[in-house]
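One structure is given below, encoded as structure tokens.
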Amino acid sequence: MHIKLENLSKNYGITKVLINLTYTFFSPGLYIIFGPSGSGKTTLLNILGQVEKVEEKMVIFEPNRSTNHPSIIFQHHYLIGDLTAYENVVLPLEIKREKFNKKAIYELFKEYQLAYLMNRKIKDCSGGERQRVNLMRAISVSSTYLLADEPTGSVDVETAQFIKQELVKLSQTKLVIIVTHDQNLFADTNAKYLKIERGRLNEI
């Protein structure tokens, strides 16, 4: 699949956030989007994630929109504090009535080095643990592409490296688009690098 931007613009009142963006994201692949605070990075991600609406002709999903479903790793994880880590991961699957294998979820926790906190409430987990759970939740849901908004912005160095490696691995089989301010962390990845500045999107 691919996502094609055709003269994509987005305004909030009189403020122009995105100005005539034209670009195509191909799958599988890894795209890293940089830009200063307030440049429109998160706005673009929300449009790609079908969270914010624009005119239909500005964003073209191939195959069509109805067959493309994103997973989104938000900057703020929106995990439910009174639920356990396991319950937070499987909740979207239960809501969507997707079948899942409990053993497979357990193996995922082991892979992410978090088997010890499956039954721990999220409110009792560290920031790094929460962000790993956030990533597990996103990849557990059936999706055709994955979007990540500052996925390493509030974690320690070790967790940031782990999340980076997992996203790079995922990009080998699907489209992964990451918005980040951390150019150094992703500098050695085999990715397309883009920058949003003054409402414009350009490869760097």
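The values are calculated or read from the model by the stated rules, or taken from the named source; none is laboratory data. Only a predicted model underlies this, so the values are computations on that prediction, with no experimental measurement involved. Backbone-built Cβ (ideal geometry, glycine too); neighbour counts: all protein chains shown.
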(request) Give the residue, chosen from Ile196, Ile178, that is under 16 Å from the mean Cα position of the chain (by Cα), of a type in the set (A, V, I, L, M), at pLDDT 90 or above and surrounded by 19 or more Cβ atoms within 10 Å (Cβ to Cβ). (result) Ile178
(message) Just checking, does the range 195-204 include any residue being assigned to a helix (DSSP H, G or I) and in contact with a helix residue (DSSP H, G or I) (Cβ under 6 Å, 6 or more places away or on another chain)?
(response) no
(message) Can you report the number of residues in the range 60-90 which are under 18 Å from Thr144 (Cβ atoms), surrounded by 11 or more Cβ atoms within 10 Å (Cβ to Cβ) and over 18 Å from the mean Cα position of the chain (by Cα)?
(response) 2
(message) Tally up the residues in the range 60-77 that are outside any helix (DSSP H, G or I), without any contact (Cβ under 8 Å) to a residue 40 or more places away in the chain and among the hydroxyl-bearing types (Ser, Thr, Tyr), please.
(response) 0
(request) Evaluate the following for Val133: is it assigned to a strand (DSSP E or B) and within 19 Å of the chain's Cα centre (by Cα)? (result) no
(message) Quick check on my filter: what residues within the range 4-35 are part of a loop (DSSP other than H, G, I, E, B) and either modelled with pLDDT of 95 or more or surrounded by fewer than 16 Cβ atoms within 10 Å (Cβ to Cβ) (or both)?
(response) Gly13, Ile14, Ser27, Pro28
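Listed here are the residues, each with its yes/no results for (1) closer than 25 Å to Glu62 by Cα; (2) small (Gly, Ala, Ser); (3) touching a His at 6+ places or on another chain (Cβ under 6 Å).
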site	(1), (2), (3)
Ser126	no, yes, no
Gln131	no, no, no
Ser143	yes, yes, yes
Ala148	yes, yes, no
Glu158	no, no, no
Gln161	no, no, no
(message) Filter the range 151-165 down to the residues that are surrounded by fewer than 19 Cβ atoms within 10 Å (Cβ to Cβ) and in a loop (DSSP other than H, G, I, E, B) and list them by number.
(response) Gly153, Ser154, Asp156
